[in-house]
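As structure tokens, the structure follows; a few thoughts come after it.
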Amino acid sequence: MFFEYPHLLWLLVIPGLLAVLYVLRELLGRTPHLRVSTSVPFLAGGHSVMEYVRHLPFLLRTLALVMIIIAIARPRSSEQMEKVDTEGIDIVLAMDVSTSMLARDFAPDRINAAKDIAIEFISQRPSDRMGIVVFAGESFTQCPLTTDRATLINLMKEVNTDLLEDGTAIGNGLATAVARMKDSDAKSRVVILLTDGVNNCGEIAPETAAEIAKTYGVRVYTIGVGANGTAPYPVMTPWGVQMQNVKVEIDEKLLSEVAATTGGRYFRATDNTKLAEIYAEINKMEKARTTIDSFPVYKELFGTYALIALAALLLEFLLKLFLRRLP
């Protein structure tokens with residue numbers, strides 16, 4: 001057994017001092033006396049039980065104080081040890097945030113469907129370090145690699161199509177994602193790149209970014225999102241926002257080559273269900289098991305001491321009631 005806050009055990013001096021004061025008060029305090037001709041009858045009678053019982057409330061109160069001090073010092077036990085298998089890799093979600101992601105062939109649209117399903121994916125992998133990169137005409141890191149799921153999910157919720165200049169710089173997005181993990185010492189490093197268009201801008205070609213990823217041992221899974229044929233897209237007109245069907249153009253050949261170069265796979269998502277299935281498949285494929293030896297299992301012991309303190313205080317209260325009713 002050990003204590004989380006051992007310095008609090010100095011408080012045990014307090015009940016010790018109280019006990020000393022109580023004894024001194026009993027020895028030096030004024031007590032009632034009666035003058036008689038002889039004490040022989042009283043000496044023959046011995047000591048009564050009540051002479052000892054009257055000290056019990058103080059003893060119980062002192063015991064309760066000692067138990068409370070020990071409890072707040074938080075006694076713990078770590079005698080149990082076990083081996084734990086964890087699955088942890090580094091993953092960066094690279095997401096296209098160009099205005100074409102507002103198309104409504106997904107519910108409610110591509111960008112929000114991608115965010116919701118990515119958040120579910122994040123929640124299912126508590127042992128991984130994950131990050132977020134967004135790209136359109138340029139790219140930037142929305143969230144660096146972290147195990148803080150709350151922060152990661154909140155930053156994913158803030159992803160929108162008005163963050164960057166419009167365009168589709170797939171190469172820039174992939175290069176930024178790779179840069180986030182090039183110094184990582186994880187055994188497995190993965191980029192999940194999601195886009196709905198054709199590379200049309202950026203300083204880095206997607207093929208070049210794929211070679212960089214391969215050099216650093218980063219596996220890239222690419223996802224093309226968009227219905228087959230055309231998709232409804234909100235367009236501003238003099239009569240307000242109206243839906244117009246626009247052609248869905250995804251460079252599947254390029255995305256397949258990028259994935260193949262790095263040892264990953266290309267997927268095509270045509271609706272919410274298919275996109276969720278893709279993330280679920282990637283979730284199953286990417287498992288890096290690590291064994292941690294002698295992982296301590298802590299057991300909190302303060303509850304036992306707190307219960308003893310409560311029982312002592314309750315017994316003191318009942319004993320005082322009993323003593324008051326005596327004639």
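The values are calculated or read from the model by the stated rules, or taken from the named source; none is laboratory data. Given the structure is predicted, the values throughout are model-derived calculations rather than measurements. So basically every Cβ, Gly included, is an ideal-geometry build from the backbone, and we count neighbours across all protein chains shown. Accessible surface areas use protein heavy atoms only, side chains included; no ligands, DNA or RNA. Shrake-Rupley method; radii C 1.70, N 1.55, O 1.52, S 1.80 Å.
Output yes when any residue across region 263-285 is of a type outside the set (Lys, Arg), on the phi > 0 side of the Ramachandran plot and within 38 Å of the chain's Cα centre (by Cα), and no when none is. Break it down stepwise before answering.
Applying the first criterion (of a type outside the set (Lys, Arg)) to region 263-285 yields 263-264, 266-267, 269-273, 275-283, 285.
Checking the rest, the ones that are also on the phi > 0 side of the Ramachandran plot come to 263.
Subset that is within 38 Å of the chain's Cα centre (by Cα): 263.
Within region 263-285, one or more residues are of a type outside the set (Lys, Arg), on the phi > 0 side of the Ramachandran plot and within 38 Å of the chain's Cα centre (by Cα).
Counting just the residues of region 162-214 that are basic (Lys, Arg) and closer than 17 Å to residue 140 by Cβ, which one comes out nearest to the chain's Cα centre (by Cα)? It would help to see each step written out before you state the result.
Filtering region 162-214 for residues basic (Lys, Arg) gives 180, 182, 187, 189, 214.
Retained after the next criterion (residues that are closer than 17 Å to residue 140 by Cβ): 180, 182.
On the way: 180: 22, 182: 25 Å.
So, considering only residues that are basic (Lys, Arg) and closer than 17 Å to residue 140 by Cβ, the one nearest to the chain's Cα centre (by Cα) is 180.
How many of the residues in region 157-174 are closer than 16 Å to residue 102 by Cα and touching a residue at least 40 places away in the same chain (Cβ under 8 Å)?
Of the residues in region 157-174, the ones closer than 16 Å to residue 102 by Cα are 157-168.
In the following step, the residues that additionally are touching a residue at least 40 places away in the same chain (Cβ under 8 Å) were identified as 157, 159-161, 163-164, 166-168.
Selection size over region 157-174: 9.
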_Looking only at region 206-216, count every residue that is crowded, with 16+ Cβ neighbours inside 10 Å and not in a helix (DSSP H, G or I) and tell me the total._
0
*Output yes when any residue across region 271-290 is at pLDDT 90 or above, open to solvent by 40 Å² or more (accessible area, probe 1.4 Å) and not in a helix (DSSP H, G or I), and no when none is.*
yes
_Residue check, residue 236 without any contact (Cβ under 8 Å) to a residue 40 or more places away in the chain and open to solvent by 10 Å² or more (accessible area, probe 1.4 Å)_ = yes
*Select from region 122-146 the residues that are within 17 Å of residue 182 (Cα to Cα) and either of a type in the set (A, V, I, L, M, F, W, C) or out of contact with any Gly (no Cβ under 9 Å at 6 or more places or on another chain) (or both) and write down the one among them that is surrounded by the fewest Cβ atoms within 10 Å (Cβ to Cβ).*
140
*Which of the residues spanning region 161-196 are part of a helix (DSSP H, G or I), among the aliphatic types (A, V, I, L, M) and over 13 Å from residue 92 (Cα atoms)?*
170
